[in-house]
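Everything on this sheet refers to the single structure shown next.
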Amino acid sequence: MTRYDDPIELAAVVAAAVRPTLIGLDVDGVLAPIVAHAGEARLLEGVSEALSALEDDEQIHIAVVSGRSIADLDRFGFSPGIALIGSHGMETRGRSMPRLSQEEIDRLDELSKLTTNAAAEAGKGAWVETKPASVVLHVREADAITSESAIQSLRAAAAAIDGTAIKEGSAVLELLARPADKGSAITLYKAELGAATTVFVGDDVTDEDAFAALGDSDITIKVGDAVTVANYRLNDPHDVLRWIRQVHEVLQTG
Ligand SMILES: [Mg+2]
């Protein structure tokens with residue numbers, strides 16, 4: 001049986017770490033409960049307020065690090081003090097993304113065509129999302145058997161295209177025309193801020209890159225029961241919210 005950490009005890013660990021502290025958080029499955037259609041995801045009630053309160057502490061920096069595009073993350077309404085790093089690190093709110101090269105444009109075009117065909121193969125409920133440098137097949141609402149075979153053939157076809165990076169999540173397959181990962185994104189931002197401690201919270205396979213990229217003095221937290229290299233575990237977004245509130249509470253009364 002999976003052993004989960006107590007959010008209150010874990011908040012004490014984070015509050016005791018050397019500051020300034022960068023807290024990086026994934027969105028889906030961490031701040032927002034997983035829903036069938038990614039477009040309908042909403043932050044858990046209270047998350048926005050709890051993050052804003054924590055972010056007011058000048059020794060705490062908060063970054064949302066997601067596979068979602070910045071345009072998509074914008075609709076969650078994160079306060080301006082929170083850094084938004086989207087598309088697995090390719091985009092940052094308030095900064096322009098380096099333009100795609102012709103080679104990347106051509107690759108994205110090819111990957112988009114393959115993904116559109118795969119969605120048709122997966123059948124009803126499958127849909128395609130287009131991001132600035134990647135394309136995503138979503139199959140959470142599609143038939144399990146047809147979508148498994150569609151994902152397998154799409155993965156194989158994409159792997160044959162030079163320069164493509166492939167990210168597989170829960171019921172999604174994303175094909176990137178330009179490589180990016182959350183590990184590079186969080187270490188870059190950590191260095192930019194000069195953070196003494198970095199905390200990263202994530203639930204999915206792509207978050208493992210961030211966990212692996214962080215060092216011994218950092219704090220890595222997996223949400224849910226999947227295999228991980230993270231040092232701590234929280235059960236679900238409700239526990240993440242309890243943990244955020246408690247970190248703020250301890251720092252306030254500290
Ligand atoms: Mg997630």
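The values are calculated or read from the model by the stated rules, or taken from the named source; none is laboratory data. Predicted model, so just to flag it, every value in this text is computed and none were measured. In this analysis, Cβ positions are derived from the backbone assuming ideal geometry, glycine residues included, and neighbour counts consider all displayed protein chains.
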Extreme residue, farthest from Gly86 (Cα to Cα), among residues of segment 14-49 that are part of a helix (DSSP H, G or I) and more than 19 Å from the chain's Cα centre (by Cα): Ala16
Qualifying positions in segment 213-242 - part of a helix (DSSP H, G or I) and within 16 Å of the ligand (Cβ to nearest atom): Pro237, His238, Asp239, Val240, Leu241
Pairs, first in the same structural domain as Phe200 (by TED's automatic domain parsing) in segment 228-247, second surrounded by fewer than 19 Cβ atoms within 10 Å (Cβ to Cβ) and not in a helix (DSSP H, G or I), C-beta under 6 Å, six or more apart: Tyr232/Asp5; Arg233/Tyr4; Arg233/Asp5; Asn235/Tyr4; Pro237/Pro33; Pro237/Leu44; Leu241/Leu44; Leu241/Gly46
Candidates Asp218, Asp203, Asp209 - the one that is in the same structural domain as Arg42 (by TED's automatic domain parsing) and more than 30 Å from Ser153 (Cβ to Cβ): Asp218
Qualifying positions in segment 71-94 - over 17 Å from Thr206 (Cα atoms), more than 16 Å from the ligand (Cβ to nearest atom) and not basic (Lys, Arg): Ala71, Asp74, Gly77, Ser79, Pro80, Gly81, Ile82, Ala83, Thr92, Gly94
Residue in segment 51-63 that is touching a residue at least 24 places away in the same chain (Cβ under 8 Å), assigned by TED's automatic domain parsing to the domain that holds Thr197, within 15 Å of the ligand (Cβ to nearest atom) and surrounded by 13 or more Cβ atoms within 10 Å (Cβ to Cβ) present: yes
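Per-residue answers, yes or no, for (1) at pLDDT 95 or above; (2) closer than 20 Å to Val65 by Cα; (3) surrounded by 16 or more Cβ atoms within 10 Å (Cβ to Cβ):
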site	(1), (2), (3)
Val135	yes, yes, yes
Thr146	yes, no, yes
Ala150	yes, no, yes
Ser153	yes, no, no
Ala156	yes, no, no
Ala165	yes, yes, yes
Ser170	no, yes, no
Leu188	yes, yes, no
Residues located in segment 23-40, provided they are within 10 Å of the ligand (Cβ to nearest atom) and hydrophobic (A, V, I, L, M, F, W, C): Leu25, Val27, Val30, Leu31, Ala32, Ile34
Segment 80-107: number of residues that are part of a helix (DSSP H, G or I), in contact (Cβ under 8 Å) with a residue 40 or more places away in the chain and farther than 17 Å from Arg68 by Cβ: 4
Yes/no for Glu168 being more than 16 Å from the ligand (Cβ to nearest atom), of a type in the set (Asp, Glu) and not assigned by TED's automatic domain parsing to the domain that holds Glu91: no
Residues satisfying the stated conditions in segment 189-212, i.e. assigned to a helix (DSSP H, G or I) and either within 21 Å of Trp243 (Cα to Cα) or touching a Lys or Arg at 6+ places or on another chain (Cβ under 8 Å) (or both): Asp207, Glu208, Asp209, Ala210, Phe211
Residues that are under 17 Å from Ser87 (Cα atoms), within 16 Å of the ligand (Cβ to nearest atom) and not in a helix (DSSP H, G or I), drawn from segment 171-188: Val172, Leu173, Glu174, Ala180, Asp181
